[in-house]
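The values are calculated or read from the model by the stated rules, or taken from the named source; none is laboratory data. Here the structure is a predicted model, which is why all the values come from computation and not from measurement. Cβ placement follows ideal geometry from the backbone for every residue including glycine, while neighbour counts extend to all protein chains displayed. Protein only, heavy atoms only, side chains kept; ligands, DNA and RNA dropped before computing areas. Shrake-Rupley method; radii C 1.70, N 1.55, O 1.52, S 1.80 Å.
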Amino acid sequence: MMNQKQTIARQLLEVKAVRLQPENPFTWSSGWKSPIYCDNRVTLAFPDVRTYIKNALADAIRQQFPTAQAIAGVATAGIPQGALVADALNLPYCYVRPEPKSHGMGKQIEGQLAAGQSVVVIEDLISTGGSSLKVVDALRAAGANVLGMAAIFTYGFPIAAQNFTSKGVELVCLSDYNALLTEAESMKYISADAMNSLASWRENPADWTGQ
């Protein structure tokens, strides 16, 4: 029987939320060449997968952050996931932009958040953690007590673990890169050579150039 990490990894592969192309790598905004592209917004189009992820995130929050009083989504991909989870938990919800708006009310946090509220942040994907942790900074600046962050998937980069530790933020992820490779191999999604390339990328993504 598959565990939750494997189940979600398989679902992401099946609905093509994750694409693996070591022979024709993607280029990230950072300039890194990557054999993987992850867009968990695709899961929203599949009710069974969407519901499974929603319930798994809600369960993780009940277990890891039982005193949560509100949910905050990270714009943009974390917005729908956060709203689904807040609804499942019957908690107040807001979402946080990367920067304050340059017009109108100039808000960075959309919704209502009381000072001192204990908040869990919802993110879809963790790479280095930099953009996600900016949301934590904004929430703390607004007076929130950030209990931690829950995400669908992480690449598991050591730099991400360092960044979350330095900010004092507990991170809970439903699935990860190791589980993804296990399921990709089980599904015969990629070749043995591709598996080796995918494994080497995670060790040194900045210098990886492909197969």
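Just a few scattered comments:
- Considering only alpha-carbon pairs that sit under 8 angstrom and 6 or more positions apart, the relative contact order computed for the range 4-196 is 20 percent.
- Residues whose amide H lies under 5 Å from that of E123, counting only those 5 or more places away or on a different chain, are A150, A151, I152; hydrogens are built 1.01 Å from N in the peptide plane.
- Residues W32, W201, ordered by accessible area of protein heavy atoms at a 1.4 angstrom probe radius and largest first, appear as W32, W201.
- Percent of Cα-Cα distances greater than 18 Å, calculated over the range 85-211: 61
- Distance between the modelled labels on A45 and S118, one decimal in nanometres: 3.9 nm (7 Å Cα→Cβ projection).
- In order along the range 167-178, phi translates into HN-Hα couplings of 8, x, 10, 7, 10, 10, 10, 6, 8, 8, 5, 4 Hz, rounded to whole numbers, per the Karplus curve 6.51 cos²θ - 1.76 cosθ + 1.60 with θ = phi - 60° and x for Gly and Pro.
- Length available on full extension from R19 to I159: 0.36 nm per residue minus the Cα-Cα distance, which gives 48.1 nm.
- Reciprocal mean inverse distance between Cα atoms of the range 24-94 - Kirkwood radius, Å: 13.6
- The 1.4 Å probe gives accessible areas that order S131, S118, S191, largest first, as S131, S191, S118.
- Bridge type composition, the chain - antiparallel percent by DSSP, nearest 5: 30
- For the range 4-196, the carbon plus sulfur part of the accessible surface works out to 49%, probe radius 1.4 Å.
- Placing +1 on the Cβ of every Lys and Arg and -1 on the Cβ of every Asp and Glu, with nothing else charged, gives the range 4-196 a dipole about its Cα centre of roughly 340 debye.
- Summarising the overall dimensions of the range 4-196 from its C-alpha atoms, the Rg and Dmax are 16.8, 54 angstrom.
- Two-decimal Rg to Rh for the range 94-134 - Kirkwood Rh, Cα set: 1.00
- FRET efficiency estimate (nearest 0.05) - Cβ-Cβ, N3 to S200, R0 30 angstrom: 0.75
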